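The structure appears below as structure tokens.
The values are calculated or read from the model by the stated rules, or taken from the named source; none is laboratory data. Source: prediction; values computed, not measured. Heads up, the Cβs are rebuilt from the backbone with ideal geometry, glycines too, and the neighbour counts pull from every protein chain shown. Accessible surface areas use protein heavy atoms only, side chains included; no ligands, DNA or RNA. Shrake-Rupley method; radii C 1.70, N 1.55, O 1.52, S 1.80 Å.
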Amino acid sequence: MQTKRMTFSSKWLPYALLAPQVIITLIFFIWPSYQALLQSVYRQGDAFGIRPPTFVWFDNFKALFADTLYLNSLKVTLIFSVGTTLLSMSVALLFAVMVNRMIRSRDSYTTFLVWPYAVAPAIAGVLWWFIFNPSIGIMPYVLDMFGYDWNHRRNSQDAMMMVIIAAAWKQISYNFLFFLAGLQSIPHSLIEAAAIDGASRMKRFWTIVFPLLSPITFFLMVVNIVYAMFDTFGVIHATTEGGPAQATNILVYKVYRDGFVNLNIGSSAAQSVILMAIVIILTVIQFRYIERRVNY
Amino acid sequence: MASITMDNLGKVYAGNVRAVTGVNIDIADGEMIVLVGPSGCGKSTLLRMVAGLETITEGTLRIGERVVNTLEPADRDIAMVFQNYALYPHMTVFNNLAYGLKNRGLKKAEIDRRVKDAAEMLQIGQFLDRKPRQLSGGQRQRVAMGRALVREPAAFLFDEPLSNLDAKLRVQMRVEIRQLQKRLGTTSLYVTHDQLEALTMADRLVVLNGGRIEQIGTPMELYSRPETVFVAGFIGSPAMNMLPADYLRTLVPAEALAHVPQNADLIGIRPEDLALAPPAMGEIGLSGRLLLLEPAGAESHLHLVFDGIDEHVVVRLPHVPDVSEGATLQFSLKREKLHPFHQASGQRVA
Amino acid sequence: MVENNRWGNILAHIILILGVAIVVFPVYVAIIASTHPPGTFVRGVMPLLPGPNAIENYTTVVTQGRSQAGTPPIGGMLWNSFIMAMAITIGKLSISIISAFAIVYFKFPFRIFFFWVIFLTLMLPVEVRIVPTFQVVADLGMLNSFAGLSIPLIASATATFLFRQFFMTVPEELMEAARVDGAGPMKFFKDILLPLSITNIAALFVIMFIYGWNQYLWPLLITTDPEYYTIVMGIQRMVTGGDSEPLWHLVMATVVLAALPPVLVILFMQRLFVKGLTETEK
């Protein structure tokens, strides 16, 4: 990793400059993560100190993978992440392609499409929860006219659908901006060359534009999965609270419940460790991709 | 005002990479020395070592009487003009000039006076309130000069200051810098890769190659008597023609080459030393086929292949001759215009 | 250029207008709901046109909150959110820019090691280490405090990387010129580097402010005293606080007020926002 060709010389200054960041990282990031690792291989002692914590190897992990609730949570997280990513990205791509055609109205549309980024996931959840409210919400009313009886309080699929929509809605802005930037970076001469070669508009999109967008698409996929897995705690917590019948109990929410409400520290720690592994893998993928993009 | 003495200066980078080896240069007070050489020859590194921007790993550097090897750049009493000017983009021209003076704790009135003087000298007075991005390339160059001037330093260091300008402006600024330097009488070290710039600006020039000095001397010394094959090829444009000595020995009578030592195996001939005429008494005659005639207004360059040899030869004439390509032409050459070299050592012999 | 045909353009406009409508719809509904009296939400479908109670509802939430559910007046929560967001933003920016300065402009032992320590924060979001982080903050006595709300969140690899990247593009000669002009490291930082970074700082400020304002899980964990509730987490307390149906007119008034500051930031600083967003991910 580079520095400038010539650097300042000071024995202590660089350490002083790094100190705040490094100290905060050590205290609030590294140390707790180390604790989580440690707790994940212990069974906790009782509150009175009669039974001390015991080292249990991977029992906590074994217990987790034998637990149908945890396996269910994995499945729910998978569906939720994939659903949110697909919905949000496809809608955003559609908007970006349409906006990219516009010349005068491009900025106005962009303004209207970017601001949901500012809305907190929890608030996004509450908004859609209200819209889908079975007794007074507007959507169940509309759906009822088509003969569908919406009730996310009882119906697992309805609940999943609702949290996916809420989570995806907020993320459209982000995906839209990146797709638009990607579209604008495609040289116009390429499109013109394809047109001269006789490709129709649809064909041009699928054979020229979409492949050229693939690095951005891949990047956004990773970012969206990270978002859906880790940043959507608020969506669940403020609305369904994991229900009904565990139908929306995503991993992050379960860690929180098991740690803070059910006070099962060992299991919660083991879940944390698994989540850490997932983030690390996703981060590595993301950075390898960035390396490649920088290099070519 | 001060002299600069480089005593056996050398630079070795981490990982044992050598950039500069055994450089000895004495720059007299008020002298303008130009460091010239191809890219990667170590000329910029040497300049930066004098500036204090690179550490000196070998030898001693004196500015005036002081050894300055380990001093910070700001404490060496030098000022530097950078290739890309390095103007502070967020500061006005005035503040660009004043920044170093403020850091030195000069009084406001003194700063004002110096900036005004320098601005007047460089004719940038009307730009003092502008930001660098609002200036043209030539104006930025002047501001960069001004930043060096206001410091009233013991020495100016120039790192290829003209290479970002277009050809016309470059010639104009070349003249201005040289006039200014003569007027102020400030010791200067000037780095360039352009041999013409070096020849026209230097009191003495230093040709560097591979981190070593090839030759030091006045422009005319280097031009008329290059000490190495490298200098012979680097100084002068079009470059000096190099012919095998044996070729000449077969062509001309032995007594005509009596002054060329026997161990000389390479003979250099400047393009302008060949005249388009049959040889007179005591002159060397050469003939060759004209490949291409390049007329350049007041002069012309003739590209030829000499008879009986494959070497490509260039001749510079002070006029455009009426000859056609493909014709065989006769040239004459004065005996004393030969530059004999020893190829293996690269050194001049005699 | 390849011409767009007219019908295609009209179709595109239709799609976009529908799209904008869908994107705007939830907030429109919230604004409408916040103007109705409580009776509207007892039965039937919610209205789509404004009601008469706007001033009354907003006055209620700002001054009284929903005391029976233990939620304080919104005014205080908005203020808390603002303090937290500003503390996080300024904290992140300051410690990131000086770390990047150290990493780019100095050579020193363990430089790469520190870089990786900072990099690790990317891989360890709060969500994956909830319980032990809570314990650390509790042990340090930082529960129910602004320090606890902000300091643990201000380590930022993203901002450090962005500044590092920007510093690498600053011409080498500027620093050399500054040194010849007699500027030491901190003087160079203050006089040259900081002014040059101002656009980047502003762009990151927008992103970080939104990040800080929208914190949810963290304040939820470490505030039990309503005095320190922030608005985004306060909404959850309002929704689930009582046994009965939420008081929708008040919840939605709160939602509007909670979403307004970051939305305004984006709308008024759209260019900086887009720059901040796209550049932090490079």
For A:Ser33 the rounded accessible area (nearest 10 Å², probe 1.4 Å, non-protein molecules ignored) is 10 Å²
Taking only DSSP H segments of four or more residues, each worth -39500 (n - 2.57), what value at 222 nm results for the protein assembly as shown once the sum is divided by all its residues, to the nearest 500 deg cm²/dmol? -16000 deg cm²/dmol
With a 1.4 Å probe and all protein chains left in place, how much of the accessible area of the stretch A:57-294 comes from carbon and sulfur atoms, in whole percent? 66 percent
If a paramagnetic tag sat 7 Å from the Cα of B:His259 along the Cα-Cβ line, which residues of the stretch B:200-238 would have the backbone N under 16 Å from that point? B:224-226
Grab the beta carbon distance between A:Asp59 and B:Ala327, set R0 = 56 Å, and tell me the FRET efficiency rounded to 0.05. 0.05
Give me the percent relative contact order of chain A, please, defined on Cα pairs under 8 angstrom at least 6 residues apart. 26 percent
How do A:Phe130, C:Phe166 rank by accessible surface area computed with a 1.4 Å probe, from largest to smallest? C:Phe166, A:Phe130
When you count, for each residue, the other Cβ atoms within 10 Å and take the mean per peptide, how do C:49-59, A:114-124 rank with the highest first? A:114-124, C:49-59
Note down the accessible area of C:Thr35, probe 1.4 Å, to the nearest 10 Å². 20 Å²
Scan the stretch A:1-110 for trypsin sites (Lys or Arg not before Pro) in coil per DSSP, keeping those whose Cβ has at most 15 other Cβ atoms within 10 Å, and list them by number. A:Arg5, A:Lys11, A:Arg104
Is any residue of the stretch C:119-152 close enough, with backbone N under 19 Å, to a label point placed 7 angstrom from the Cα of C:Phe82 along the Cα-Cβ axis, and if so, which? C:146-147, C:149-150
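May I ask you to compute the full-extension gain from C:Ala54 to C:Leu264, defined as 0.36 nm times their residue separation minus their alpha-carbon distance, rounded to one decimal in nm? Could the numbers behind the result be given before it?
Numbers: separation 210, 0.36 × 210 = 75.60 nm, distance 2.01 nm.
Result for the pair: 73.6 nm of gain on full extension.
Measuring with a 1.4 Å probe in the full set of protein chains, what accessible area per residue, in whole Å², belongs to the stretch C:124-282?
For the stretch C:124-282, the per-residue accessible area is 32 Å².
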In the stretch B:1-151, what percent of the accessible surface is made up of carbon and sulfur (1.4 Å probe, ligands and nucleic acids excluded)? 47 percent
Once label points are set 7 Å from the Cα along Cα→Cβ at both A:Asp107 and C:Arg6, what is their separation, rounded to one decimal in nm? 2.8 nm
Is the shape of chain A best called rounded, prolate or oblate, per the rule: a/c under 1.5 gives rounded, else a/b larger than b/c gives prolate, else oblate, with a ≥ b ≥ c the square roots of the Cα gyration tensor eigenvalues? oblate
Checked the stretch B:70-145 with the C-alpha gyration tensor, a ≥ b ≥ c its square-rooted eigenvalues, rounded below a/c of 1.5, otherwise prolate if a/b is larger than b/c and oblate if not; verdict oblate
I'd like to compare A:171-177, B:120-126, A:14-20: which one has the highest average count of other Cβ atoms within 10 Å, and what's the full order after that? A:171-177, A:14-20, B:120-126
The relative contact order of chain C, taking Cα pairs under 8 Å that sit 6 or more residues apart, comes to a percentage of 30 percent
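Mind giving me the FRET efficiency for A:Phe146 and A:Ile79? R0 is 30 Å, r the Cβ-Cβ distance, nearest 0.05 is fine.
0.80
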In nm, to one decimal, how far is the modelled label at B:Asp26 from the one at B:Glu272, with both set 7 Å along Cα→Cβ? 3.2 nm
Ignoring ligands, DNA and RNA and using a 1.4 Å probe, state the total buried accessible area between A and C in Å², rounded to the nearest 100. 10100 Å²
Run the numbers on chain B and let me know its relative contact order in percent, using alpha-carbon pairs under 8 Å that are six or more apart. 17 percent
With every protein chain left in place and a probe of 1.4 Å, what is the accessible surface of B:Arg104, to the nearest 10 Å²? 100 Å²
Let a ≥ b ≥ c be the square roots of the eigenvalues of the Cα gyration tensor of chain C; is it rounded (a/c under 1.5), or, if not, prolate (a/b larger than b/c) or oblate? oblate
Tilt of helix B:167-184 relative to the longest C-alpha principal axis of chain B, in degrees (0 to 90, nearest 10)? 60 degrees
With each pseudo-label sitting 7 Å past Cα toward Cβ, what's the C:Lys187-C:Glu227 distance in nm, one decimal? 4.7 nm
